[in-house]
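Below is one structure, written out as structure tokens; the observations come after it.
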Amino acid sequence: MEFAVMMSILLEGLVLTVEIFVVTLVGALPLGILVALGRMSRCKPLALVVRLYISLMRGTPLMLQLMAIMFCPYYLFGLNMGPDWKFFACAIGFILNYAAYFAEIYRSGIQSIPRGQYEAAEVLGYSRSQTFMHIVLPQVIKRILPAMGNEIITLVKDTSLAFVLGIMEMFNSAKALAAREVSMTPYIIAGLIYWCINLFIELILTRVEKRMNYYHD
């Protein structure tokens, strides 16, 4: 097979990889905030349910979660979800899994802010929302950025787990090409592409961290 054809197939898989990555971030970042707030809620039943959810998502393999979401509608309710369900099941699985990890990062960041800052803001006449948006949130973002960066980089690599659902993302495309050509070349190219993506993300995160250096602990 010509190198150009091989690259074309891998790039088609890369499109799906990027779609999974973007959809996961768009869904998991805001959901993680809600989960974190539920985790810190004074309503004990709600906090308990959220803690159970986080424990389940973090304590079981993502691959198993993807398969459970994929096949549960059929085995539990006899529903045939159609060919498009694969991608939706994949997106739901990734979002639910990463929201749990993001939630714990958010929670640790919020709880790391000294109580005295809330009290000082109250004395200055700030409302709760103003205190959170203008005083707490910028500091939280700065503190959680390294941990969030690690999770985002991990997400790039975890997109390869979508192969268990038969989604032809980049890793699955490389796997099929390697089997067809009896060659390691597709794996090497795919690995280099993953590496380049993560280098780009690291560059962005480094620039964001530098921009936020005006906040000192």
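The values are calculated or read from the model by the stated rules, or taken from the named source; none is laboratory data. On a predicted model such as this, the values are computed, not experimentally measured, just so you know. As a convention, Cβ positions derive from the backbone with ideal geometry for all residues, glycine included, and neighbour counts pool all protein chains shown. Note: accessible area is taken over every heavy atom of the protein model, side chains too, but ligands, DNA and RNA are not part of it. Shrake-Rupley method; radii C 1.70, N 1.55, O 1.52, S 1.80 Å.
Brief remarks on what is shown
- Scope segment 142-160; condition of a type outside the set (Lys, Arg), farther than 28 Å from ILE69 by Cα and in contact with a helix residue (DSSP H, G or I) (Cβ under 7 Å, 6 or more places away or on another chain); matching residues: ILE144, LEU145
- Criterion (surrounded by 14 or more Cβ atoms within 10 Å (Cβ to Cβ), without any contact (Cβ under 8 Å) to a residue 40 or more places away in the chain, touching a helix residue (DSSP H, G or I) at 6+ places or on another chain (Cβ under 9 Å) and assigned to a helix (DSSP H, G or I)) met by exactly one of PHE163, PHE171: PHE163
- Among the residues listed as MET70, MET81, the single one being assigned to a loop (DSSP other than H, G, I, E, B), of a type in the set (A, V, I, L, M) and either surrounded by 13 or more Cβ atoms within 10 Å (Cβ to Cβ) or touching a residue at least 12 places away in the same chain (Cβ under 8 Å) (or both): MET81
- Unique match (being open to solvent by less than 60 Å² (accessible area, probe 1.4 Å), under 25 Å from the mean Cα position of the chain (by Cα) and more than 20 Å from ALA162 (Cα to Cα)) among SER112, SER127: SER112
- The lone exception for LEU10 - which of (1) surrounded by 15 or more Cβ atoms within 10 Å (Cβ to Cβ); (2) under 22 Å from the mean Cα position of the chain (by Cα); (3) of a type in the set (A, V, I, L, M, F, W, C) it fails: (2)
- Filtered by the rule that a residue be of a type in the set (Gly, Ala, Ser) and more than 11 Å from the chain's Cα centre (by Cα), segment 23-37 gives a lone residue, ALA36.
- Complete set of residues in segment 174-213 that are within 19 Å of the chain's Cα centre (by Cα), open to solvent by 90 Å² or more (accessible area, probe 1.4 Å) and either touching a residue at least 12 places away in the same chain (Cβ under 8 Å) or closer than 19 Å to SER160 by Cβ (or both): TRP195, PHE200
- Of all the residues in segment 115-124, those that are under 25 Å from GLY32 (Cβ atoms) and open to solvent by less than 50 Å² (accessible area, probe 1.4 Å) number 1.
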